[in-house]
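Structure first, commentary second.
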Amino acid sequence: MIVSFENRLSRFLGTTAIFIAIILVLFPFLWIFLESIKPPSLGGRPDIWRFEPSWENWHEIVFNSNVPLNILNSFFIALITVVISLICGAPAAYAFSRFRGFQGARYSILAAEMMPPAILILPLFLLLYKLELIDSRVGVITAHLTFVVPVVAWFLIGFFDEVPKDLEDQAMIDGYTRFQAFYKVILPAVRPGLAAAGIFGFVLSWNDLFYSLLLTGAESRTLPVAIAGFWTFRGIELGKMAVAILIAVIPVLILSYSIQKHLIRGIGGSGVKY
Amino acid sequence: MGQVDFKNLRKSFGSTNIIDGLNLEIHNSEFLVLLGPSGCGKSTTLRLLAGLESVSSGTISIDGCDVTELEPRDRDIAMVFQNYALYPTMTVEQNIGFGLKAKKMSPKLIKEKVNEVADLLGLTHLLNRKPNALSGGQQQRVAIGRAIVRKPKVFLFDEPLSNLDANLRLEMRAEIMKLHRELGATTIFVTHDQEEAMAMADRIVIMDKGLIEQVGTPTEIYFQPKTRMVAGFIGNPSMNFMKGEISKNSELKLPIGNIKVNTILNLGQHIDVGIRPEKIKLADPKRKPNENIVRVMVTNIELLGPRAIVKMEHESGQVLTSVVDHDEIGKYELGTNISISLASNALHIFPKIKD
């Protein structure tokens, strides 16, 4: 095979660009990992690269801190948020997908997403305060639903669009009600979409700092808030923070990788396609 | 049983009338084909009968029972869709049994009935497969199996053969007809393929723009078309048409000359005159009465194996198409003038309706 000089040059430049991009993305992870295994005596010294690895930060976080409780809180809040979001979002997405009146209607779901969270937090705070739900997991879940439900619904519209309408017609002729047709035939057909939307919603809730910071106290504190908490009056506890960050990032990485195939379809899939 | 009655059926979307006052009686055990160009309302008629669309006005009854307002599940019908609409997450067995499950039948009985149908359609070895692991023809069979397992009063088919290749289409066509003979259930079949309609139907309903143009047996539809639309729609190659008017002594004044016919139409009335391509013959030297000889030039010959399509042009510019048997084709030569004969009794006369 003869490869021309231009071809080789463009391939070389392309590879180099990708290589640089990968380094830019991965370097912070490497750096955080190194921080996490630095002995505490070298904490807060990012300039030191040669040291004796130590697991003291990890030991400290796992056994002598509130981080395990924070993880549990984050996990519980994200899980319940996602379950409710799917229960509400799937029928909503189905309705928008089958609705043929006004094509732009589906974009109205995104209106909730476009509002800055700062607008919602004040009424939400007052509401939860009156209901005595500040510093409770229920309060945080309520807040998270405001942005996870629309995202999950938006994400699913594209998947429902791809299910032929004949399927529910057939089920209704076969002796089922429209709602039965929806949950016996249509929902199973979009299972990959449900899984992907669920994971996407989970990650959104898991990563949220804004609402959690303002609505949680010691009891319901989530992992991102705990991570931010390592920035103390005495300075940043970089080593411990690094450990907590890694713990927070790992599930996100695994989950995102598992749905990468459906991710693009979900995010872009509800757009123009007729 | 399975007699279907449409009375003054209307369906409109906004200001567009899709079905515009349809009256039709479909007899018990009949194989009725709804035929027409796309957008004529035939699929909508089927969906109205199935209950998948709501009726704007009029009534639909099955066996004398008004079903206009009933849900699809309460109408005792089965439908086969163009894309088969097999449930993608279920196996063939579950697909066929799904309708029986809705009737709360015991799993044992369901299995028995599913096996019976699978046996009838040659699907037994495929029962555990998912639809995406089946060929087009097999998917079609599953869709038919799912319809017949419930033993409904009426079967509806919405262009079920149009996604199959030519050979398979012929095979499934024969199979559907055989099933209809064996099961004897009323069948309403929608298609835009006239050959399919002619081959399968007891009666054909030709629709255009939401209205019925003609109802009749395939023979009636072909040989006695009632409207110009039907005459032009049925037949391949399609009927030749000439514009003309009635002149004195009930003669037709046409571009190719005057032709004498028996007609009750009035003097001066504008008409379309049609003649089927196979009715245009070479003029016989021994001229018979009622034959009209016309000189034309052969402009094109398409050989199609057993027959050929010959295009010819009259000096007035009128173009005629004729179908010629293979052993006759030697008598036609491109670019030469020939004499053809148009039998008066083969002419179809359609008065022009002023818009």
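The values are calculated or read from the model by the stated rules, or taken from the named source; none is laboratory data. Treat the numbers as computed from the prediction; the structure is a model and nothing was measured. Every residue, glycine as well, gets a Cβ built from its backbone with ideal geometry; the counts of neighbours run over all protein chains shown. What goes into the accessible areas is simple: the full protein's heavy atoms, side chains included, and nothing from ligands, DNA or RNA. Shrake-Rupley method; radii C 1.70, N 1.55, O 1.52, S 1.80 Å.
If you check residue A:110 against the conditions, is it part of a helix (DSSP H, G or I), open to solvent by less than 10 Å² (accessible area, probe 1.4 Å), hydrophobic (A, V, I, L, M, F, W, C) and more than 14 Å from every other protein chain (Cβ to nearest Cβ)? For residue A:110, the condition - part of a helix (DSSP H, G or I), open to solvent by less than 10 Å² (accessible area, probe 1.4 Å), hydrophobic (A, V, I, L, M, F, W, C) and more than 14 Å from every other protein chain (Cβ to nearest Cβ) - is not met.
Going by the structure shown, is residue A:200 among the aromatic types (Phe, Trp, Tyr), at pLDDT below 95 and open to solvent by 40 Å² or more (accessible area, probe 1.4 Å)? Spelling it out, residue A:200 is indeed among the aromatic types (Phe, Trp, Tyr), at pLDDT below 95 and open to solvent by 40 Å² or more (accessible area, probe 1.4 Å). Screening the stretch A:155-182 for residues that are more than 10 Å from every other protein chain (Cβ to nearest Cβ) and over 26 Å from the mean Cα position of the chain (by Cα) and picking the one that is most open to solvent (accessible area, probe 1.4 Å) gives A:179. Please list, ordered by residue number, the helices (runs of 4 or more DSSP H) wholly in the stretch B:176-271 having 2 or more residues that are without any contact (Cβ under 8 Å) to a residue 12 or more places away in the chain. Ranges flagged: B:218-223. Only one of the numbered conditions (1) buried (at least 22 other Cβ atoms within 10 Å of the Cβ); (2) of a type outside the set (Ser, Thr, Tyr); (3) more than 8 Å from every other protein chain (Cβ to nearest Cβ) is not met by residue B:115, and that is (1).
Of the residues A:54, A:65, A:41, which is open to solvent by 50 Å² or more (accessible area, probe 1.4 Å) and of a type in the set (Ser, Thr, Tyr)?
Working: A:54 fails: open to solvent by 50 Å² or more (accessible area, probe 1.4 Å); A:65 fails: open to solvent by 50 Å² or more (accessible area, probe 1.4 Å).
None of the other options fit; the residue is A:41.
Scanning the stretch B:282-294 finds one or more residues that are open to solvent by less than 90 Å² (accessible area, probe 1.4 Å) and polar (S, T, N, Q). Being under 22 Å from residue A:225 (Cα atoms) and part of a helix (DSSP H, G or I) narrows it down to one residue among A:133, A:145; which is it? Result of the check over A:133, A:145: A:145. Can you confirm whether residue B:301 is more than 21 Å from residue B:233 (Cα to Cα), open to solvent by 20 Å² or more (accessible area, probe 1.4 Å) and within 33 Å of the chain's Cα centre (by Cα)? Against the criterion (more than 21 Å from residue B:233 (Cα to Cα), open to solvent by 20 Å² or more (accessible area, probe 1.4 Å) and within 33 Å of the chain's Cα centre (by Cα)), residue B:301 qualifies.
Identification of helices (runs of 4 or more DSSP H) wholly contained in the stretch B:83-164 with 1 or more residues that are under 20 Å from residue B:46 (Cβ atoms) yields B:92-102, B:136-148. Total residues in the stretch B:127-141 satisfying the condition of being in contact with a Leu (Cβ under 7 Å, 6 or more places away or on another chain) and either at pLDDT 95 or above or among the basic types (Lys, Arg) (or both): the figure is 1. Of A:191, A:106, all but one fail to be touching a residue at least 24 places away in the same chain (Cβ under 8 Å) and of a type in the set (Lys, Arg); the exception is A:106. For the stretch B:67-75, the criterion of being within 14 Å of chain A (Cβ to nearest Cβ), touching a Ser or Thr at 6+ places or on another chain (Cβ under 8 Å), open to solvent by 70 Å² or more (accessible area, probe 1.4 Å) and not basic (Lys, Arg) is met by at least one residue.
Please tell me if residue A:258 is part of a helix (DSSP H, G or I), away from chain B (no Cβ under 14 Å) and open to solvent by 10 Å² or more (accessible area, probe 1.4 Å).
Details: part of a helix (DSSP H, G or I): yes; away from chain B (no Cβ under 14 Å): yes; open to solvent by 10 Å² or more (accessible area, probe 1.4 Å): yes.
Here the answer is yes, as residue A:258 does meet what is asked.
Can you find even one residue in the stretch A:137-151 that is away from chain B (no Cβ under 14 Å) and among the polar types (S, T, N, Q)? Within the stretch A:137-151, one or more residues are away from chain B (no Cβ under 14 Å) and among the polar types (S, T, N, Q).
For the stretch B:336-355, a tally of residues being over 20 Å from residue B:246 (Cα atoms) and either among the β-branched types (Val, Ile, Thr) or open to solvent by 50 Å² or more (accessible area, probe 1.4 Å) (or both) returns 4.
Rundown of residues vs (1) touching a His at 6+ places or on another chain (Cβ under 8 Å); (2) closer than 30 Å to residue B:143 by Cα, yes/no style:
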| position | (1), (2) |
| --- | --- |
| A:119 | no, no |
| A:181 | no, yes |
| A:195 | yes, yes |
| A:208 | yes, no |
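Among the residues making up the stretch B:228-271, a single one is under 24 Å from residue B:308 (Cα atoms), in contact with a Lys or Arg (Cβ under 8 Å, 6 or more places away or on another chain) and open to solvent by 30 Å² or more (accessible area, probe 1.4 Å): B:241.
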